[in-house]
Amino acid sequence: KHYLYIHYGEFVGNAGRKMHCFVEKLVDEMIEFNIVEQCQKEEYVYSILCIAESIIWFVTIICIGIFFHILWQTVGYLTFLYILRRRTGGYHLSRFISCYSCSIALFVMIYYLLHNVAALIQVGIFGGFVVSGIVIEIIGTVNHPNMFMSKTEILHVKWRARIIAAVESSIVIILWIVGNRGMVLYLAMAMITCAALMVLAIGLGQEVKET
């Protein structure tokens with residue numbers, strides 16, 4: 001597998017630059033103690049930064065959920081989104097600060113949508129969920145430029161994405177039937193978000209064709 005690593009020196013703000021410098025120093029220490037080889041430095045810097053970003057994003061969303069008194073709905077949304085998006089891929093912004101800001105804005109928008117007008121558009125949300133499930137089952141995975149997957153690799157990832165989408169769809173439908181609408185709307189929105197990001201990535205040409 002061949003990787004194209006994003007250069008994280010593009011981070012905006014002192015916090016981003018300090019994080020990047022800290023991670024580089026950490027990896028340098030790992031190289032010095034023969035834990036990591038010099039040729040693997042960029043890969044480890046990239047991986048550790050991705051983990052740090054994910055933690056910052058996750059903790060921030062959880063804090064917002066606690067503030068809005070929707071902790072369990074937030075956990076459900078993040079779980080569905082994270083598990084599915086890892087396989088489906090989708091549109092990515094080039095800078096962490098941009099991705100982070102948009103993710104926070106999206107979640108707050110979802111909260112206001114579900115708690116202010118959800119009663120009027122529940123059927124529309126469920127319809128969007130059904131369409132999203134179909135989109136994910138058809139497309140499977142968007143091969144992002146960060147990771148040039150071979151034809152064999154992309155087939156395996158697509159298979160996993162479709163299985164996960166089917167399982168998540170089943171959970172949403174069951175909860176919808178039993179009447180747990182408070183949770184099911186957030187789970188449905190997680191799948192809608194994944195499908196929308198896939199379509200956006202393809203529409204904006206952010207996809208690598210299978211090789």
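Read the figures in this text as sums done on the coordinates, not as results from a lab. Keep in mind that what you see is a predicted model, and the values were worked out from it rather than measured.
Phi-derived couplings, Karplus 6.51 cos²θ - 1.76 cosθ + 1.60 at θ = phi - 60°, listed residue by residue for the range 55-72: 5, 4, 4, 4, 5, 5, 5, 4, 4, 5, x, 5, 4, 8, 6, 9, 4, 5 Hz, with x used for Gly and Pro. Each residue of the range 189-203 was assigned a 3J(HN,Hα) from its phi angle through the Karplus expression (A = 6.51, B = -1.76, C = 1.60, θ = phi - 60°), giving 5, 5, 5, 4, 4, 4, 5, 5, 5, 5, 5, 5, 4, 5, x Hz with x at Gly and Pro.
With 10 Å bins beginning at zero, the pair-distance distribution over Cα atoms of the range 27-137 amounts to 11, 33, 31, 15, 7, 3, 0 %. Amide H to amide H distances under 5 Å link V36 with I31, where only residues 5 or more positions off or on other chains count and H is placed in the peptide plane. In this structure the amide hydrogen of N143, modeled in the peptide plane, comes within under 5 Å of the amide hydrogens of V208, none closer than 5 places in sequence on its chain. Computed from backbone phi, the HN-Hα couplings of the range 151-157 come to 4, 5, 5, 5, 5, 5, 5 Hz, rounded to whole numbers (Karplus: 6.51 cos²θ - 1.76 cosθ + 1.60, θ = phi - 60°; Gly and Pro given as x).
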